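**Q** Structure incoming, see below.
Each value in this text was obtained by applying a stated rule to the coordinates, not by laboratory testing. From a predicted model like this one, the values you see are computed outputs, not experimental measurements. Cβ atoms come from the backbone with ideal geometry, glycine included; neighbour counts cover every protein chain shown.
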Amino acid sequence: MSSRLMDYFNKQPRIGILSTANREGKVNAALFGSPQMVDEKTVVMGLGKNRTLDYLQQNPHAVYTILEPGETLMDWKGLRVYLKLKDCATSGKKLEDYKREVAAALGEDAAKMMHATLTFEVTEVRPIVDMGQGWEKSV
């Protein structure tokens with residue numbers, strides 16, 4: 001991956017959809033603005049006790065989809081960033097540090113909702129519409 005991917009992934013304001021599936025294949029999609037790419041292969045985010053966390057504990061694979069509107073439908077930009085859960089901290093220093101960051105950025109109420117800090121490995125990056133052009137030409 002590249003620093004260009006990190007810059008695009010972390011650009012604000014930005015929201016995306018994190019899609020997960022449980023062990024039976026039941027799908028969930030949820031809107032998030034908080035995932036951050038901390039290096040070229042790692043994404044970190046916090047979650048409350050919710051369906052997304054439950055599904056990730058059953059099946060570590062997910063995809064984060066980022067879309068940016070364009071002037072026409074053909075001008076839309078975006079990526080599908082495929083992820084694999086590597087770590088889920090529900091207690092300890094990692095979670096407490098993340099809660100402090102959330103509290104500073106979004107307030108104490110947001111920090112109180114955090115139940116886990118998740119670390120993902122980026123396994124693949126694809127454009128929204130894949131016609132063999134590679135993700136670099138989609139952002």
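**Q** Using Cα atoms only, what is the angle between the long axis of helix 93-106 and the major principal axis of the chain, expressed in degrees (0 to 90) to the nearest 10?
**A** The helix 93-106 is inclined about 70 degrees to the chain.
**Q** Return the ratio Rg/(2.2 N^0.38 Å) for the range 3-130, where Rg is computed over Cα atoms only.
**A** Working it through for the range 3-130, the quotient is 1.06.
**Q** What whole number of Å gives the distance from the Cα centroid of the range 36-60 to the Cα centroid of the range 79-139?
**A** Using only Cα atoms to place each centre, the spacing works out to 6 Å.
**Q** Can you tell me, using C-alpha contacts under 8 Å and at least 6 residues apart, the relative contact order of the chain as a whole percent?
**A** Working: 262 pairs, mean separation 34.5, N = 139.
This gives 25 percent for the chain.
**Q** Suppose we take every Cα in the range 3-63 and form the convex hull; what volume per residue is that in Å³? Mind showing how you got there, number by number?
**A** Numbers: hull volume 4.7 nm³, N = 61.
Spelled out: Cα convex hull of the range 3-63, divided by residues, is 78 Å³.
**Q** Please get the size of the charge dipole for the range 3-130, origin at its Cα centre, with Cβ charges of +1 on Lys and Arg and -1 on Asp and Glu, quoted in debye to the nearest 20. Working shown, then result.
**A** Values: 18 positive and 17 negative charges, 67 e Å.
Charge dipole of the range 3-130: 320 debye, to the nearest 20.
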